[in-house]
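Trainee: Take a look at the following structure, please.
The values are calculated or read from the model by the stated rules, or taken from the named source; none is laboratory data. Quick caveat: nothing in here was measured; it's all calculated off a predicted structure. Cβ placement follows ideal geometry from the backbone for every residue including glycine, while neighbour counts extend to all protein chains displayed.
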Amino acid sequence: MITILFDDGDALVGDAAANMLQFAGTKYCVIGLNDLDEYYRSWQKVIACNAQRIFPAHGNPFSVEKLRENIGKNKKQNIVMMHL
């Protein structure tokens, strides 16, 4: 996944994170993935680059702390696993 990181810490992450459907247990993930572990590795890269504010393709911006807090917390039954 591609992320654009600006000098001020804002990160445009596209589908690498989402801020929607929290009530469904998605915890900042999009609902359709083919590899949850790879998805979390992309979060780790965004965190390691000192991103501060996440701008997802779906939903409102949020603090990078939400990614830190939720790595590993999504359950596969809350995600549509896509085999491409």
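Trainee: Looking at ASN19, ASN60, which is the one that is at pLDDT 90 or above, buried (at least 16 other Cβ atoms within 10 Å of the Cβ) and among the polar types (S, T, N, Q)?
Mentor: ASN19
Trainee: Which of the following residues is in contact (Cβ under 8 Å) with a residue 24 or more places away in the chain, in a helix (DSSP H, G or I) and either in contact with a strand residue (DSSP E or B) (Cβ under 8 Å, 6 or more places away or on another chain) or over 16 Å from LYS66 (Cβ atoms) (or both): VAL46, VAL13?
Mentor: VAL46 is the lone residue from the list that is in contact (Cβ under 8 Å) with a residue 24 or more places away in the chain, in a helix (DSSP H, G or I) and either in contact with a strand residue (DSSP E or B) (Cβ under 8 Å, 6 or more places away or on another chain) or over 16 Å from LYS66 (Cβ atoms) (or both).
Trainee: Could you list, in sequence order, all residues of the range 22-43 that are over 14 Å from ARG68 (Cβ atoms), surrounded by 14 or more Cβ atoms within 10 Å (Cβ to Cβ) and out of contact with any helix residue (DSSP H, G or I) (no Cβ under 9 Å at 6 or more places or on another chain)?
Mentor: TYR39
Trainee: Next question, about the same structure. Quick one: which residue in ILE2, ILE54, ILE47, ILE31 is of a type in the set (A, V, I, L, M) and over 20 Å from LYS73 (Cα atoms)?
Mentor: The unique qualifying residue is ILE2.
Trainee: May I pose another question? Of all residues in the range 16-43, count the ones that are among the charged types (D, E, K, R) and in a loop (DSSP other than H, G, I, E, B).
Mentor: Counting residues in the range 16-43 that are among the charged types (D, E, K, R) and in a loop (DSSP other than H, G, I, E, B) gives 2.
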